[in-house]
Amino acid sequence: MTIDALLDLLKATAAAVELALRGVPGRDRRARTDRAGQYAIDLVADAAALEVLAGAPVAVLSEESGWGGRPGAALTVVIDPVDGSTNASRHIPYWATSLCVLDGDGPLVALVVNQATGVATTAVRGEGARRNGEPIAPGKVERVEDALVALSGRPGQWLPWKQFRALGSAALSLCDLAAGAVDGLVDGGAWHAPWDYLGGLLICREAGAEVVDAAGRELVVADPDARRQLLAAATPALLAELRPALPTPGRPT
């Protein structure tokens, strides 16, 4: 598939998710399944996404349904149909469909759409990152005292950052880092799976932001059991200044 065809596929998938969830009203959005942490809307979104992806020559790795699509395909679409499910369930306008296409060299194409606002962030390997079609770049903050930092969970140490936010979607927080809306991201533990961050990872890398795993593990994996602790920043200097905020292994957060 060409890059344009892949982008069209990801856009069609995200559009199908938005349409499927658009009509789910009020408290119906808070319905849970028997699986811990899963909402009924996650399954509705997954079914809509898989229906679109089934027509493409790709393997699929989804948070909600695991491996699917065409086994052995050269391309794999890693998808979180609803990243920020609690936000979505409560109509908090910060939740996304996150998609990333992997080939033999790693992340190739990414699309993360804030489904509540319609803002779409994309990246193509070697071609930069864009938000609603316009090129994006991270900020230039180097000191933690000047930084607006997104948190996922409680940090191990409260640093003197200028401000912080706990926004509820790793995919969108990474995109906001790439676009300069926040300056850093600190995870309170190793709980993010590849579908949570691969789209945002490619977008950050193409925009010029720094993203690492706190323990130095490889981030580009297609393993449904893998979990990573993200540390990200607009600049290498800020990344180093944020590292003390990471919890010490074994310490409660």
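The values are calculated or read from the model by the stated rules, or taken from the named source; none is laboratory data. Predicted model only: the values in this text are computed from it and were never measured. Cβ atoms come from the backbone with ideal geometry, glycine included; neighbour counts cover every protein chain shown. Just so you know, the surface numbers come from the protein's heavy atoms only, side chains and all, with ligands and any DNA or RNA stripped out. Shrake-Rupley method; radii C 1.70, N 1.55, O 1.52, S 1.80 Å.
Go from 0 up to the bin containing the longest alpha carbon distance in the chain, width 5 Å each, and give me the % of pairs per bin.
For the chain, the binned pair fractions read 1, 7, 15, 19, 20, 17, 12, 7, 3, 0, 0 percent.
Can you tell which of Leu148, Ile136, Val211 lies farthest toward the positive end of the dipole of segment 94-242, using +1 and -1 charges on the Cβ of basic and acidic side chains (Lys, Arg; Asp, Glu)?
Towards the positive end, the residue furthest out is Leu148.
Please label the shape of segment 17-154 as rounded, prolate or oblate, based on the square roots a ≥ b ≥ c of the eigenvalues of the alpha-carbon gyration tensor (a/c under 1.5 means rounded; beyond that, a/b larger than b/c means prolate, else oblate).
oblate
Please go through segment 164-246 and write out the GluC sites (Glu not before Pro) that DSSP classes as loop and that have at most 11 other C-beta atoms within 10 Å.
In loop regions of segment 164-246 (DSSP not H, G, I, E or B), the sparsely surrounded GluC sites (Glu not before Pro) are Glu218.
How large, in percent, is the carbon and sulfur part of the accessible surface of the chain at a probe radius of 1.4 Å?
51 percent
Of Pro25, Thr76, Gln115, whose Cα points farthest to the positive end of the dipole of the chain (charges on the beta-carbon: +1 Lys, Arg; -1 Asp, Glu; origin at the Cα centre)?
So the residue we want is Pro25.
Say a paramagnetic label sat at a point 7 Å from the Cα of Arg22, along Cα to Cβ; which residues of segment 78-121 have their backbone N under 14 Å from it?
In segment 78-121, the label zone of Arg22 (backbone N under 14 Å from the point 7 Å along Cα→Cβ) covers 115-118.
With r as the distance between the Cβ atoms of Val119 and Gln157 and R0 = 45 Å, compute the FRET efficiency 1/(1 + (r/R0)^6) and round to 0.05. Intermediate values should be presented prior to the final figure.
On the way: r = 32 Å, r/R0 = 0.72.
Computed FRET efficiency for Gln157 and Val119 comes out at 0.90.
What is segment 1-108's relative contact order, in percent, from Cα pairs under 8 angstrom and six or more apart in sequence?
Rounded, it is 22 percent for segment 1-108.
Starting at the first residue of segment 119-125, write each ³J(HN,Hα) from the Karplus equation 6.51 cos²θ - 1.76 cosθ + 1.60 with θ = phi - 60°, in whole Hz, x for Gly and Pro.
6, 10, 10, 10, 8, 10, 3
Using the membrane-span-like helix rule (whole DSSP H runs, Cα extent along the own axis of at least 18 Å, mean Kyte-Doolittle hydropathy at least 0.0), which helices of the chain qualify? The partial results should precede the final answer.
Details: long enough: 3-22 (28 Å, 1.14); 40-53 (20 Å, 1.63); 194-207 (19 Å, 0.29).
Both cut-offs are met by 3-22, 40-53, 194-207.
Over segment 137-180, what number does the Rg to Rh ratio reach, with both radii from the alpha-carbon atoms and Rh per Kirkwood? Before the final figure, lay out each step's value.
On the way: Rg = 10.6 Å, Rh = 11.1 Å.
We get a ratio of 0.96 for segment 137-180.
If contacts are Cα pairs under 8 angstrom and at least 6 residues apart, what is the relative contact order of segment 142-243 in percent?
Dividing the mean separation by the residue count of segment 142-243 yields 31 percent.
Would you mind working out the accessible area per residue for segment 1-156, using a 1.4 Å probe, and quoting it in Å²?
Ligands and nucleic acids excluded, the figure is 45 Å² per residue.
Sort segment 96-139 into rounded, prolate or oblate with this rule: let a ≥ b ≥ c be the square roots of the eigenvalues of the Cα gyration tensor; rounded if a/c is under 1.5, and if a/c is not under 1.5, prolate when a/b is larger than b/c, oblate otherwise.
Taking the square roots of the gyration eigenvalues as a ≥ b ≥ c, segment 96-139 is oblate.
Rank Val112, Val186, Val220 by mean-square fluctuation in a GNM of the chain with C-alpha springs under 10 angstrom and give only the top-ranked residue.
For the chain, modelled as a Gaussian network with Cα springs under 10 Å, the answer is Val220.
Bins of 5 Å, beginning at zero and ending with the bin holding the largest distance: percent of Cα pairs per bin for segment 136-253, please.
Pairs per bin, as whole percents: 2, 13, 26, 26, 21, 9, 2, 0.
Report the FRET efficiency, 1/(1 + (r/R0)^6), for Glu134 and Ala15, where r is their Cβ-Cβ distance and R0 is 25 Å, rounded to 0.05.
Rounded to the nearest 0.05, the efficiency is 0.80.
Quick one: work out the % antiparallel among DSSP beta bridges in the chain, nearest 5. It would help to have the intermediate numbers written out before the result.
Working: 37 of 48 bridges.
Counting DSSP beta bridges with both partners in the chain, the antiparallel share is about 75 percent.
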